[in-house]
Amino acid sequence: MQAIPSTCRHLLSLTDLAAAEVRALIARATELKAMRRRGEDYRPLRHRVLAMIFEKSSTRTRVSFEAGMAQLGGHAMFLSARDTQLGRGEPVEDAARVLSRMVDAVMIRTFEQETVERFAAHSSVPVINGLTNRLHPCQVLADIQTYVEHRGDIGGRRVAWIGDGNNMCQTYMEAARLLDFELRIGCPAGFEPEAGLLAECADRCEIMHDPVAAAAGADLIVTDVWASMHQEDELATRMAQFAPFQVNEAVMAGAAPDALFMHCLPAHRGEEVTAAVIDGPQSVVWDEAENRLHVQKALLEFLLVLGR
Ligand code: CP
Ligand code: NVA
């Protein structure tokens with residue numbers, strides 16, 4: 001099937017951006033946040049439409065993209081795979097060609113990374129990865145913005161990822177390479193990130209099977225659920241395997257004294273993180289969640305206004 005020779009930019013992975021572009025997006029996100037706080041009317045996306053395809057559940061991703069488009073003067077359209085022809089087997093390539101003739105950008109939350117890549121290859125408008133089993137670039141952009149706002153540049157810092165070598169962990173690996181920080185991954189044996197990605201990021205990322213050792217001296221501690229949305233049937237067995245990898249006060253105690261704690265949410269208190277940590281003074285999870293709105297507005301502006 002012939003792909004559309006695409007001239008537009010996509011965000012399928014953080015590696016679609018140069019380091020300087022990530023830094024510019026984050027600075028712009030902080031500026032857009034201040035503009036919103038001041039009540040400034042800024043609507044560069046008037047009459048622009050974002051289609052949002054969800055094959056998995058979402059609170060933050062849906063609300064932040066929908067609110068962000070409205071604030072920028074445009075419109076967002078929620079499309080559940082279940083209620084569209086995609087859910088009845090229409091080829092992704094056909095959906096991409098049709099939707100991209102009608103809307104100005106498409107955000108997709110799905111299972112396989114290959115699905116967003118096939119969609120983008122046949123789309124004449126920018127495609128944004130709103131989470132796949134492999135990557136979650138929008139969330140890591142918000143995390144970096146949050147770190148920068150609280151502590152300054154993340155370059156040269158030590159980040160500890162505690163838990164599953166999942167989509168968030170793998171996007172942190174891409175970020176470590178792009179923005180030049182050290183990533184220590186404390187995961188149970190058998191739950192490491194993809195070997196190929198690990199080999200590519202070997203100069204920035206190290207696997208440790210001990211959460212306390214991984215967190216030692218870290219400037220930022222990050223965790224996520226023990227079973228992602230496509231793994232919910234594994235939850236019972238994972239609970240036992242991941243129990244020693246809970247982020248609790250003992251893990252935080254070995255980190256740098258001013259270390260921050262992040263979690264992309266939704267969180268399970270008493271599983272991957274204790275209430276004392278996520279609701280404690282080092283946690284910045286609410287800023288992190290809010291920044292999804294600002295950084296995605298900066299991304300939409302970058303793809304739809306500046307990219308033309
Ligand atoms: N963090 C995140 O992507 O949240 P949702 O699943 O609610 O969109
Ligand atoms: N790793 C989680 C992130 C949810 C935002 C998942 O994929 O379900």
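The values are calculated or read from the model by the stated rules, or taken from the named source; none is laboratory data. Everything quoted here is computed from the prediction, not taken from an experiment. Here Cβ is always computed from backbone atoms with ideal geometry, including for glycine, and neighbour counts include all displayed protein chains.
With touching a strand residue (DSSP E or B) at 6+ places or on another chain (Cβ under 8 Å) and of a type in the set (A, V, I, L, M) as the only criterion, which of L183, L141 stands out? Before the answer, list the steps.
Working: L141 fails: touching a strand residue (DSSP E or B) at 6+ places or on another chain (Cβ under 8 Å).
Just one listed residue meets the conditions, L183.
Q85 fails exactly one of the following numbered conditions: (1) more than 16 Å from ligand 2 (Cβ to nearest atom); (2) crowded, with 20+ Cβ neighbours inside 10 Å. What is the number of that condition?
The number of the failed condition is (2).
What about E174, is it within 30 Å of M52 (Cα to Cα) and in contact with a helix residue (DSSP H, G or I) (Cβ under 9 Å, 6 or more places away or on another chain)?
On the way: within 30 Å of M52 (Cα to Cα): yes; in contact with a helix residue (DSSP H, G or I) (Cβ under 9 Å, 6 or more places away or on another chain): yes.
When the stated conditions are applied, E174 passes them.
Of the residues that make up region 93-108, is at least one over 22 Å from M69 (Cα atoms), in contact with a helix residue (DSSP H, G or I) (Cβ under 7 Å, 6 or more places away or on another chain) and away from ligand 1 (no atom under 14 Å from the Cβ)?
Yes: one or more hits.
Can you tell me how many residues within region 198-226 are on the phi < 0 side of the Ramachandran plot, without any contact (Cβ under 8 Å) to a residue 60 or more places away in the chain and not charged (D, E, K, R)? Let's see the steps before the verdict.
Applying the first criterion (on the phi < 0 side of the Ramachandran plot) to region 198-226 yields 198-216, 218-226.
Next, from what is left, pick out any that are without any contact (Cβ under 8 Å) to a residue 60 or more places away in the chain: 198-216.
Restricting the remaining residues to those that are not charged (D, E, K, R) gives 198-199, 201-202, 205, 207-209, 211-216.
Within region 198-226, residues that are on the phi < 0 side of the Ramachandran plot, without any contact (Cβ under 8 Å) to a residue 60 or more places away in the chain and not charged (D, E, K, R) number 14.
Quickly run through region 50-82 and pick out the residues that are of a type in the set (F, W, Y), assigned to a strand (DSSP E or B) and either within 16 Å of ligand 2 (Cβ to nearest atom) or within 16 Å of the chain's Cα centre (by Cα) (or both).
Here is the first cut: in region 50-82, the ones of a type in the set (F, W, Y) are 54, 65, 78.
Of the ones still in play, those that are also assigned to a strand (DSSP E or B) are 54, 78.
Passing the criteria: only F54.
Quick check on my filter: what residues within region 137-191 are in contact with a His (Cβ under 9 Å, 6 or more places away or on another chain) and free of Cβ contacts under 8 Å to residues at least 40 places away in the same chain?
Filtering region 137-191 down to residues in contact with a His (Cβ under 9 Å, 6 or more places away or on another chain) leaves 142, 145, 166-168, 170-171, 186-189.
Hits for region 137-191 are Q170, A189.
Determine whether R134 is in contact with an Asp or Glu (Cβ under 6 Å, 6 or more places away or on another chain) and modelled with pLDDT of 95 or more. Outline the logic, then answer.
Numbers: in contact with an Asp or Glu (Cβ under 6 Å, 6 or more places away or on another chain): no; modelled with pLDDT of 95 or more: yes.
So R134 does not fit the description; no.
In this structure, is M77 surrounded by fewer than 19 Cβ atoms within 10 Å (Cβ to Cβ) and at pLDDT 95 or above? Steps first, answer last, please.
Values: surrounded by fewer than 19 Cβ atoms within 10 Å (Cβ to Cβ): yes; at pLDDT 95 or above: yes.
Against the criterion (surrounded by fewer than 19 Cβ atoms within 10 Å (Cβ to Cβ) and at pLDDT 95 or above), M77 qualifies.
Quick check on this structure: which one of E40, E117 is surrounded by 13 or more Cβ atoms within 10 Å (Cβ to Cβ), modelled with pLDDT of 95 or more and of a type outside the set (S, T, Y)? Walk me through it before giving the result.
Values: E40 fails: surrounded by 13 or more Cβ atoms within 10 Å (Cβ to Cβ).
Going through E40, E117 in turn, just one is surrounded by 13 or more Cβ atoms within 10 Å (Cβ to Cβ), modelled with pLDDT of 95 or more and of a type outside the set (S, T, Y): E117.
Looking at region 128-137, which of its residues are under 17 Å from S64 (Cβ atoms) and more than 12 Å from ligand 1 (Cβ to nearest atom)? Working first, answer last.
Filtering region 128-137 for residues under 17 Å from S64 (Cβ atoms) gives 128-131, 136-137.
Passing the criteria: only I128.
Go through region 6-29 and report how many residues are of a type in the set (S, T, N, Q), surrounded by fewer than 16 Cβ atoms within 10 Å (Cβ to Cβ) and under 18 Å from the mean Cα position of the chain (by Cα).
Residues of region 6-29 that are of a type in the set (S, T, N, Q), as a first pass: 6-7, 13, 15.
Add one more test, that the residue is surrounded by fewer than 16 Cβ atoms within 10 Å (Cβ to Cβ), and what stays is 7, 15.
Those left that are additionally under 18 Å from the mean Cα position of the chain (by Cα): 15.
Adding up the residues that qualify gives 1.
Would you confirm whether any residue within region 52-69 is over 22 Å from F119 (Cα atoms), touching a residue at least 12 places away in the same chain (Cβ under 8 Å), surrounded by 15 or more Cβ atoms within 10 Å (Cβ to Cβ) and more than 12 Å from ligand 1 (Cβ to nearest atom)?
yes
Suppose we keep only residues that are away from ligand 2 (no atom under 16 Å from the Cβ) and β-branched (V, I, T) within region 251-308. Which one would you say is farthest from T61 (Cα to Cα)?
Within region 251-308, the match that is farthest from T61 (Cα to Cα) is V251.
For V49, work out the one condition from (1) over 14 Å from C138 (Cα atoms); (2) free of Cβ contacts under 8 Å to residues at least 40 places away in the same chain; (3) surrounded by fewer than 18 Cβ atoms within 10 Å (Cβ to Cβ) it doesn't fulfil.
The one condition V49 does not meet is (2).
Would you call E232 closer than 19 Å to L131 by Cα and without any contact (Cβ under 8 Å) to a residue 12 or more places away in the chain?
yes
If a residue must be part of a loop (DSSP other than H, G, I, E, B) and aliphatic (A, V, I, L, M), how many such residues does region 26-49 contain? Show your work before the answer.
Residues of region 26-49 part of a loop (DSSP other than H, G, I, E, B): 38-48.
Within this subset, residues satisfying the condition of being aliphatic (A, V, I, L, M) are 45.
The qualifying residues number 1.
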